[in-house]
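See structure below.
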Amino acid sequence: MWIDGAAVEAASGATYDDVDPASGSVFAQIARGAAADVDRAVGAARRAFDDGPWPRSSAGDRAKVLRRLAELLLAERDELARLESRDAGKPYRETAERDVPRAADNCAFFAGAIEQREQSAFFERKPFLGAQREIASIVRDEPVGVCALLTPWNSPLMQATWKIAPAIAAGNTCVLKPSELTPLSTLRLAELCTQAGVPNGVVNVVTGFGPEVGAPLVADPRVDAVAFTGSEPTGIAINTAAAPGLKKVTLELGGKSANVVFDDADLELAVEGSVLAMFRHSGQVCLAGTRLYVQSRIYERFLARYLERVGALRVGDPQSHASDLGPLITAQHRERVERFCAQADADGVEALLRGTRPSDPALAGGNYLGPTIFAPRDESQTIAREEVFGPVLSVFRFDTLDEVVRRANATRFGLSAYAWTANVATGLRFAQAVRAGMCWINGYFLRDLRQPFGGVGMSGLGREGGRWSLDFFTEPKLVCIAY
Ligand code: NAD
């Protein structure tokens, strides 16, 4: 782990195995943190906040450090992309072309954002104690303090920078707990932070399991704010644990997003976009469009083309440029996904495509699973209701805009939604009526870092991105002067 600017073992000396999802072999030993390590890391972060130079430095100086960090990440793009691909089982094509560059962009973006962030002042004239007085009110953006940052395994480096960059840009210090399944790129990131000039204690990383590290970290009274990305049940547990201390909390949780294809859509674009929205990283993406709604008039034609495209996706070694779908994160997770499929079978749901474990002996050690497509009766069936977080799609037929809005909203989640249509009015009507934090029309995850990211309902609490991240990682202090 990384505490106070140095690589350290767990206080207990314990370690655990980091397993390569593509082969099932152990390829790293990771320090297994516990409460004593959380105590050490939060202590370092607290000292760095209360007495250290970072919260007292200028926005411009912090921005310089973040820009250096962005450069260091890009200089190591290939090594980091290989490491991330190996640890998370994510296709190297994606980690090299998207995740690592995006991690660098996050750092450079929040460097600019903090430099350009405006603070406000108000001037007025008011009577006070028998005289008219000038009043100058200044609103100072101050850092919140020590921030606990908790990240999942599906995009570890991207997620870590998405939280660390705004937290430290605003002058906070932090303790990050990466997923126990994918800690490696985050540990390297912490080293690069120090190399870029982040003072000791400002960025700390404690590795280990949720109940052993995450829980004491969230509950620690010296922690002022908690930013979490992960699953719905963990998000609820974290919100509950943070409540007694009235800590600031953001939660970015799961989804069961509707992807709606209207009958006037550009068919090829909608097919390609819908395949990407569902099967990128084998469906292990919070934004995955896991409920596909196709308007009746084009249902057969669209589905024939869609099945053809999905059938052509190549399942294989994530390090190979030829692979579209790598392995699932763990053997247990693949079994969980398979149990969802078995439940759908038991519920009598028709399978339009059945994904299997590949027969190629070269892939036998990995957690590979091909794409599955079900046609559930309605949204109440388990397969259409729960977040499977694997390559499993539910497809439905619909007739009208009102019907599809009602059905898209028949979920407790509300992360994202997608609509494919040639009619601007149809797209906007859908976007206005759908209950989701984000809606893309004729696109998937087209992202501008200035925009808000997050969901409603059980998909989360609060927003990240642009000024929303900086609002979370700052407290406005009013200073009022009468003269
Ligand atoms: P998870 O909830 O199991 O774990 C997330 C993190 O929380 C890990 O670091 C884990 O160790 C830690 N944790 C577990 N129990 C804890 C506890 N009791 N107290 C504190 N920390 C604890 O999620 P996961 O399986 O790693 O990730 C997949 C989930 O993340 C999916 O539900 C996915 O939708 C979601 N996700 C959401 C977004 C988003 O931005 N909305 C992005 C990516 C992933």
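Throughout, read-outs are computed from the coordinates displayed, never taken from laboratory work. A quick note: this is a predicted structure, and the numbers were derived from the prediction, not measured. Virtual Cβ from ideal backbone geometry, glycine too; neighbours counted across all protein chains shown.
What the table shows:
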| read-out | value |
| --- | --- |
| Charged-residue dipole, Cβ positions (Lys, Arg, Asp, Glu), region 258-441 about Cα centre, Debye nearest 20 | 300 |
| Environment charge of residue 220, counting only residues whose C-beta is closer than 13 Å and scoring Lys/Arg +1, Asp/Glu -1 | +2 |
| Cα-projected label distance for residue 138 with residue 483, points at 7 Å along beta-carbon direction, nm | 1.1 |
| Amide H contacts of residue 419 (H built 1.01 Å from N, under 5 Å, at least 5 apart or other chain) | 260, 440, 441, 442, 443 |
| FRET efficiency for residue 378 and residue 471, using Cβ-Cβ distance with R0 set to 35 Å, rounded to 0.05 | 0.35 |
| Rough spin-label spacing in nm, given labels placed 7 Å along Cα→Cβ, for residue 354 and residue 115 | 5.9 |
| Backbone HN-Hα couplings from phi across region 364-377 [Karplus 6.51/-1.76/1.60, Hz, Gly and Pro as x] | 4, x, x, 9, 6, 7, x, x, 10, 10, 10, 10, x, 5 |
| Per-pair calculated FRET efficiency, R0 = 45 Å: residue 97 and residue 332 via Cβ, rounded to 0.05 | 0.95 |
| Interchain or long-range residues, amide H under 5 Å from residue 397's placed H | 294 |
| For region 260-300, alpha-carbon Rg over 2.2 N^0.38 Å | 1.19 |
| Convex hull of the chain built on C-alpha atoms - directionally averaged projected area, nm² | 25.1 |
| Share antiparallel - DSSP beta bridges, region 258-441, percent rounded to 5 | 10 |
| Spatially proximal aspartates and glutamates relative to residue 126 (Cα-Cα < 12 Å; intrachain offsets below 8 disregarded) | 134 |
| Karplus-derived 3J(HN,Hα), 6.51/-1.76/1.60, for each residue of region 236-243, Hz, glycine and proline x | 5, 4, 5, 4, 5, 5, 7, 4 |
| Angle between the chain longest axis and helix 267-279 axis [Cα atoms, degrees, rounded to 10] | 60 |
| Fully extended contour minus Cα-Cα distance, from residue 82 to residue 447, at 0.36 nm per residue | 129.0 nm |
| Angle in degrees between helix 184-196 and the longest Cα principal axis of the chain, rounded to the nearest 10 | 30 |
| ³J(HN,Hα), Karplus 6.51/-1.76/1.60, whole Hz, each residue of region 420-428, x for Gly, Pro | 10, 7, 8, 9, 4, 5, 4, x, 6 |
| Structure-based [θ]222 nm, the chain - -39500 (n - 2.57) summed over DSSP H runs of at least 4, per residue, nearest 500 | -11000 deg cm²/dmol |
| FRET efficiency for residue 268 and residue 25, using Cβ-Cβ distance with R0 set to 45 Å, rounded to 0.05 | 0.65 |
| With Cα atoms, 0 to 90° folded angle of helix 100-116 axis to the chain main axis | 40 |
| DSSP bridge pairs, the chain: antiparallel proportion in percent, nearest 5 | 45 |
| Residue-span extension gain [residue 236 to residue 8] - 0.36 nm each, minus C-alpha spacing | 79.0 nm |
| Label-to-label distance, nm, for residues given as residue 300 and residue 129 (7 Å Cα→Cβ offset) | 8.6 |
| Placed amide H near residue 290: partners under 5 Å, 5+ positions off or other chain | 257 |
| Restraint check, 177/256; 177/247; 163/256, Cα-Cα greater than 20 Å | 177/256; 163/256 |
| Extension gain (nm, one decimal) between residue 276 and residue 61, 0.36 nm per residue minus Cα-Cα | 73.4 nm |
